[in-house]
Each structure stands twice: as C-alpha cells, then as structure tokens.
Amino acid sequence: MKHLIAPSVLAADFGNLQRDIEMLNQSAAEWIHVDVMDGLFVPNISFGFPVMETLRKHAGKPLDVHLMITDPDRYVERFAQAGASVITVHYEACTHLHRTIEAIQGAGCRAGVALNPHTPVQLLQDILPMLDLVLIMSVNPGFGGQKFIPNTYKKIAELCRLPGAKDSLIIEVDGGVDSGNIAALRKAGAHAFVAGSAVFSAPDPAAMIAELNQIASIAFDVQV
Ligand SMILES: O=C(CO)[C@H](O)[C@H](O)COP(=O)(O)O
C-alpha cells in the first residue's frame with residue numbers, strides 16, 4: 001500500500017491558520033491530521049468544532065480526526081457532520097469499542113483505533129477485521145514536540161503479523177515522526193505518517209512535507 005503524510009495542525013500557527021491550511025493544500029500532504037484533546041483523557045485541551053469548521057471550509061484534503069477524548073461515542077456523529085473523513089478513537093477510552101466502530105462507519109467515515117505506547121497491539125485481535133486504520137502512538141498523547149519512543153517499530157511489526165486485518169488496513173504512526181525515523185517506520189510496515197513539529201517548525205514546511213514524502217517513498221531501498 002502507498003504511504004501518505006498527514007501533517008498535524010496541532011503544530012500550526014493558529015494566528016495564521018488559513019495560511020497554514022492553504023500551504024497544506026498546495027503540499028505533498030495527502031491528509032490533514034486533526035488532534036482533538038479534552039483535558040480528561042489527556043492532560044491538555046486543544047480545539048473542537050469551531051476549528052473543525054474552519055478546517056472544513058478551507059482544507060482541500062481529507063480530515064483525519066484523532067479523538068483523544070473520553071467516551072468518544074458522544075461526539076462521533078458531530079465530527080462526521082463537521083467534515084471528518086477518518087475518525088480515530090482510543091482503545092483506552094472506549095468501553096464498547098465494537099459499537100463505537102460501527103457508529104463511525106455508520107456515519108460514513110473510516111474508523112480507526114489508536115493505541116497508547118503501553119497498550120499491546122494483540123488487544124486488537126478480535127476487532128481488527130472491522131478496522132480501516134490503526135494508529136500507533138509513538139509518544140504519550142497530549143502534546144506535540146515529544147521524543148519518539150523506539151518500541152514503536154516492534155509494535156508496528158507485531159501488528160503487521162496479526163491475522164484478520166483487511167488488506168486495506170492503514171497503519172498510522174503519530175508522535176516524534178521526522179526525517180530521521182520515517183524510513184525505518186515505513187520499513188517496519190507503517191503507511192501513514194503524522195508529523196507536527198517536524199513540519200511546522202521547519203523553515204519551509206511544504207519542503208519538509210515533500211522531503212518526508214520522498215524519504216518514505218524510497219524507504220525500502222534505504223539502509224536504516
Ligand atoms: O497526537 C499528537 C499528540 O498527542 C500529535 O499529533 C503528535 O504528537 C504529533 O506531533 P509531533 O510530530 O510534534 O510529535
């Protein structure tokens with residue numbers, strides 16, 4: 001499966017959000033990653049529906065919404081109506097995950113499940129055939145700009161070996177992704193790469209997206 005870059009608007013300049021979205025529209029990014037934090041599931045609050053409306057209005061690419069919130073079932077329908085193409089919920093935040101996945105897909109979105117660094121991929125075994133995406137967190141969720149956790153490579157490889165996944169299952173990795181680790185992540189089996197600080201703290205964010213895209217595309221030829 002082809003790889004894709006999903007820059008996280010968490011690291012964008014909110015004083016110039018429309019400018020940054022326009023940059024993403026013109027860039028090699030395939031998706032725009034939207035990190036929603038509630039201050040309960042994670043120790044930080046990011047943004048909600050007003051920002052989603054701005055994104056929907058200006059973004060020309062699918063919105064990949066990562067809900068770092070407790071009981072996400074309460075908001076699945078609203079995020080779908082607000083323009084999400086992919087909605088990812090946390091395994092650790094869902095009591096009735098099967099029902100939540102059905103609700104996301106019933107709302108017309110692709111359904112993803114995110115795993116915190118401490119959560120083994122094997123816990124997805126029974127739900128895996130339903131999923132469109134698995135998001136492996138490579139930092140503890142809640143903040144951008146954290147250090148990448150190397151155990152992520154092993155988790156991606158283990159997930160690739162789990163039986164029952166759809167052929168189209170997308171393995172996404174999020175947290176500390178940059179030009180130094182994206183080749184190894186691609187080699188380990190990941191397809192979708194969320195990058196916040198690496199993109200928006202670069203002198204030329206669009207050039208950095210192109211660079212990440214290029215490295216991922218030749219990863220299988222690169223010695224890492
Ligand atoms: O989900 C997140 C934080 O919970 C962010 O998407 C993630 O941390 C990306 O930011 P960075 O690339 O700066 O690590």
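Please treat every number below as a calculation from the coordinates, not as lab data. Note that the coordinates shown come from a computational prediction; the quantities given were computed from them, not determined experimentally. Cβ placement follows ideal geometry from the backbone for every residue including glycine, while neighbour counts extend to all protein chains displayed.
Per-structure values
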read-out: Net charge over other residues, Cβ less than 13 angstrom from the Cβ of Ala29 (K, R count +1; D, E count -1); value: -4
read-out: For the chain, calculated [θ]222 nm from helices alone, where every DSSP H run of n ≥ 4 adds -39500 (n - 2.57); value: -8500 deg cm²/dmol
read-out: Where labels lie 7 Å past Cα in the beta-carbon direction, separation of Ala157 and His118 in nm; value: 2.5
read-out: Segment 163-224 - charge dipole about Cα centre, Lys and Arg +1 at Cβ, Asp and Glu -1, debye rounded to 20; value: 160
read-out: Total lysine pairs whose alpha carbons fall under 28 Å of each other in the chain (8 or more apart, or interchain); value: 17
read-out: Least to most buried among Lys2, Lys61 (fewest other Cβ within 10 Å first); value: Lys2, Lys61
read-out: Ascending count of other beta-carbon atoms within 10 Å, so fewest first, for Arg110, Arg186; value: Arg110, Arg186
read-out: Separation between Cα centres of segment 88-112 and segment 116-133, rounded to whole Å; value: 12
read-out: Cα extents of segment 1-160 along the three principal axes, largest first (Å); value: 41, 34, 34
read-out: DSSP beta bridges in the chain [antiparallel fraction, %, rounded to 5]; value: 5
read-out: If the convex hull is drawn through the Cα atoms of segment 27-70, its volume per residue in Å³; value: 70
read-out: Gap separating the Cα centres of segment 156-224 and segment 48-87, nearest whole Å; value: 23
